[in-house]
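Readers should treat all values here as calculations from the given coordinates under stated rules, not as data from a laboratory. Given the structure is predicted, the values throughout are model-derived calculations rather than measurements. Cβ: placed from backbone, ideal geometry, glycine included. Neighbour counts: every protein chain shown.
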Amino acid sequence: MSTWRRAFHRISDETGATLAEFAFSLPFLVVILYAVFDFGGALTLKQKLGASVYEAARTAASQSTADLSSSTVGTNGSIADIRDTLAHHLQAAGVDDCGLLGAALTTNTNFQWVYSVTGGACPAPLILTINRQQVVAVAAGGITTHVIFTQVRLEYPFQWRLSSVIQLLVPSGTFPTSATIAVEASMQNLT
């Protein structure tokens, strides 16, 4: 056999091995790439949620607490303003508010209002908790003072897309289809 022919057979054997290695490793590379994008999306979403909750807490700090004893505060008072501020900030950030804007109050106990809504593209309920009377004891110079804060907590459902890719690679494998991203912010009541 000539030198050229032997060299050609060796190159074609290596090409076949390289192709087999590539075919074997490609699914794992796709899963890793998909995981990077999915986790990056979750991190970006958490930052957007944190900024929106912060703005809602900032709005709450400047709201009057005079209407908190009213039975309609969750539908057309300061609590509803906080809910709608959060919903508007979510929408401005390009995040689905799951139907929070104008939603009905779910529960109200001891200055804590809870909204639980499911709508839009949300795979599970979005839960907004507004606590207008979070009391924190602050000690300074031997004197303890009680400061009243408003705490806004948001539990947002996140849809993982990685689970469908893992199912293609390992049909019996499991990965959660959704997760809850929780963020909260507190701010001292100014009024």
Candidates Ser78, Ser70, Ser116; GNM for the chain (alpha-carbon contacts under 10 Å) flags as most fluctuating Ser70
Which of the three applies to the stretch 93-191, rounded, prolate or oblate, going by the alpha-carbon gyration tensor with a ≥ b ≥ c and a/c under 1.5 meaning rounded?
prolate
Highest-MSF residue in the chain out of Thr109, Thr118, Thr59 [GNM, Cα springs under 10 Å]
Thr109
Glu184 versus Ala92: modelled label distance in nm, points set 7 Å from Cα along the beta carbon direction:
2.5
Which length gain, in nm to one decimal place, applies between Phe175 and Phe24 when the Cα-Cα distance is subtracted from 0.36 nm times their residue separation?
52.2 nm
Checked the chain against the a/c 1.5 cut and the a/b vs b/c comparison, axes a ≥ b ≥ c from its Cα gyration tensor; verdict prolate
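How much mean residue ellipticity at 222 nm does the chain get from its helices, if each DSSP H run of length 4 or more adds -39500 (n - 2.57) and you divide by all residues, to the nearest 500 deg cm²/dmol? Walk me through the numbers on the way to the answer.
Working: 4 runs with 87 residues, N = 191.
-16000 deg cm²/dmol, from helical runs alone.
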Would you be so kind as to identify which of Phe158, Leu29, Leu86 lies farthest towards the positive end of the dipole of the chain, taking Lys and Arg as +1 and Asp and Glu as -1 on Cβ and the Cα centre as origin?
Leu29
Using mean Cβ contacts within 10 Å as the protection proxy, how do 157-169, 126-138 order, highest first?
126-138, 157-169
